[in-house]
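Participant: Can you read through this structure? Questions will come right after.
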Amino acid sequence: MLSEFQETLLQSVKAYQSTQLVKNKYENVLQQLDSGIMLFDSDGVLTFINVQMARLLEIPRHSLIGCNLLQLLRHPHISRYKKRKILRLYRETIFYRKKNHEFVDEYGRYWLATVTYGDQMDGDYLLSVKDVSEFKQIEQTAYQNDKLAMLGKISAAIAHEIRNPLTAIRGFIQLLRPHLVQLGRDEYARIILNEIDRANDIIYEFLNSSKPSAPQKVVISIASLLKEVVLLTESEALMMGCEINLQEADPHMKVSIDVKQIKQVLLNMIKNAMDAIEEVSEDHSGVIEIDARLDGKYVNISIRDNGNGMDKALLGRLFDPFFTTKEKGTGLGLSVSYRIIKNHRGNIHVDSFKGTGTVFVISLPLVP
Ligand SMILES: Nc1ncnc2c1ncn2[C@@H]1O[C@H](COP(=O)(O)OP(=O)(O)O)[C@@H](O)[C@H]1O
Ligand SMILES: [Mg+2]
């Protein structure tokens, strides 16, 4: 039989063991939390630090326990960057009594720090930091998308509104034209009309590009699509003394596309090829080669020219809206083409050498 004293002792030991067990469990949870945690006592001495926080500081945990803030700042392993961040955090949360403080670490990650103290903490200071990089990124993308969408809407509205006065101006210039001819100023009328047409072209292409219209898809064979496109451009090419060679494509290769949109892309690329050929000397015999090849589940349509070609700097800006090297260019053809091809889950690839020529390759998913 146990004496009363022994009984009490045993119970105390058991109680102690179970509290210890619970304590260990809590400590384990805190250690493995994905937020970094630090606890300072009322004298400012660090009594607890978890794995994540030590990782963030890049200092072993055991060498930090028992340090006060000053010792922490003087720690031989702490970087100057971190020192500055800690001082700033101290100033913001303790000095200015802000609840939260956001900072960026040297690797570009965003952290949200929260400091809790006062009655609820029994004099202790709890600092927790959380990696909020992902939220930040989502927030920034959303903001960016919002801005772009808004800009797109405003620009489309403006572009649309500009068209009406342009039409009116065009009409009146035409009415005035006979009078200008009498004055020997027909040249003025011609320039005005040309410039109005150019403005209209820009607006037309812009409105086309800003409308993210879903493709109206039909299944069509690549061979017949290419034939039609070549037919549309052949006469213009002939006039320029430029040859278009279309390689017969396999009639079984079929794609599901918005024919109008893809035609627009191909016509634009052929037009660009002709412009590039025109840039080279007059007697240069220009050739545009078009072919379509099977590439797994895709068809690669290539449009190759022996025009002036492009250097690296130009290649990098090719698809930027409004980027053009032509006096009468709009710089919208390729940016619109890119959007159309992406809408069809395809891709555009370019290879070019200054002075040799260029090849554009459009990949489109095949209909199985
Ligand atoms: N085949 C090509 N060869 C050389 N340069 C090209 C070719 N295609 C496009 N470019 C360059 O890319 C620019 C942008 O083309 P694009 O978006 O179609 O606008 P634009 O034809 O109105 O200038 C052109 O001004 C030209 O400098
Ligand atoms: Mg173009």
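The values are calculated or read from the model by the stated rules, or taken from the named source; none is laboratory data. On a predicted model such as this, the values are computed, not experimentally measured, just so you know. All Cβ positions, even for glycine, are placed from backbone atoms using ideal geometry, and neighbour counts span all protein chains on display. Protein only, heavy atoms only, side chains kept; ligands, DNA and RNA dropped before computing areas. Shrake-Rupley method; radii C 1.70, N 1.55, O 1.52, S 1.80 Å.
Participant: Here's a check for you: in segment 88-111, which residue that is among the β-branched types (Val, Ile, Thr) and more than 35 Å from the chain's Cα centre (by Cα) is surrounded by the fewest Cβ atoms within 10 Å (Cβ to Cβ)?
Facilitator: Ile94
Participant: What is the one condition in (1) at pLDDT below 90; (2) open to solvent by 30 Å² or more (accessible area, probe 1.4 Å); (3) outside the structural domain of Lys82 (by TED's automatic domain parsing) that Ala156 does not satisfy?
Facilitator: Against the list (1) at pLDDT below 90; (2) open to solvent by 30 Å² or more (accessible area, probe 1.4 Å); (3) outside the structural domain of Lys82 (by TED's automatic domain parsing), Ala156 comes up short only on (2).
Participant: How many residues does segment 334-358 contain that are crowded, with 17+ Cβ neighbours inside 10 Å and within 24 Å of Ile277 (Cα to Cα)?
Facilitator: Restricting attention to segment 334-358, the residues satisfying the condition of being crowded, with 17+ Cβ neighbours inside 10 Å are 334-341, 344, 346, 348, 352, 357-358.
Then keep just the ones that are within 24 Å of Ile277 (Cα to Cα); that gives 334-338, 348, 352, 357-358.
Number satisfying all stated conditions: 9.
Participant: Quick check on my filter: what residues within segment 112-131 are buried (at least 16 other Cβ atoms within 10 Å of the Cβ) and either among the hydrophobic types (A, V, I, L, M, F, W, C) or touching a helix residue (DSSP H, G or I) at 6+ places or on another chain (Cβ under 6 Å) (or both)?
Facilitator: Those that are buried (at least 16 other Cβ atoms within 10 Å of the Cβ) and either among the hydrophobic types (A, V, I, L, M, F, W, C) or touching a helix residue (DSSP H, G or I) at 6+ places or on another chain (Cβ under 6 Å) (or both): Leu112, Ala113, Val115, Leu127, Val129.
Participant: So, one more: Could you go through segment 168-187 and let me know if any residue there is among the β-branched types (Val, Ile, Thr), under 37 Å from the mean Cα position of the chain (by Cα) and at negative phi.
Facilitator: There is no residue in segment 168-187 that is among the β-branched types (Val, Ile, Thr), under 37 Å from the mean Cα position of the chain (by Cα) and at negative phi.
Participant: What are the pairs with Cβ atoms under 6 angstrom where one residue, in segment 341-359, is within 17 Å of Val265 (Cα to Cα) and among the polar types (S, T, N, Q) and the other, located anywhere, is in a loop (DSSP other than H, G, I, E, B) and more than 16 Å from ligand 2 (Cβ to nearest atom)? Sequence gap at least six, or different chains.
Facilitator: Hits for this filter: Asn343/Pro215.
Participant: Determine whether Pro165 is open to solvent by less than 50 Å² (accessible area, probe 1.4 Å) and on the phi < 0 side of the Ramachandran plot.
Facilitator: Against the criterion (open to solvent by less than 50 Å² (accessible area, probe 1.4 Å) and on the phi < 0 side of the Ramachandran plot), Pro165 does not qualify.
Participant: So which strands (runs of 3 or more DSSP E) stay within segment 227-310 end to end and still have 1 or more residues that are surrounded by 15 or more Cβ atoms within 10 Å (Cβ to Cβ) and in contact (Cβ under 8 Å) with a residue 60 or more places away in the chain?
Facilitator: Here the list reads 254-257, 286-295, 298-305.
Participant: What are the residues in segment 316-333 that are within 15 Å of ligand 2 (Cβ to nearest atom) and open to solvent by 20 Å² or more (accessible area, probe 1.4 Å), if any?
Facilitator: Result: Arg317, Phe319, Asp320, Pro321, Phe322, Phe323, Thr324, Thr325, Lys326, Glu327, Lys328, Thr330.
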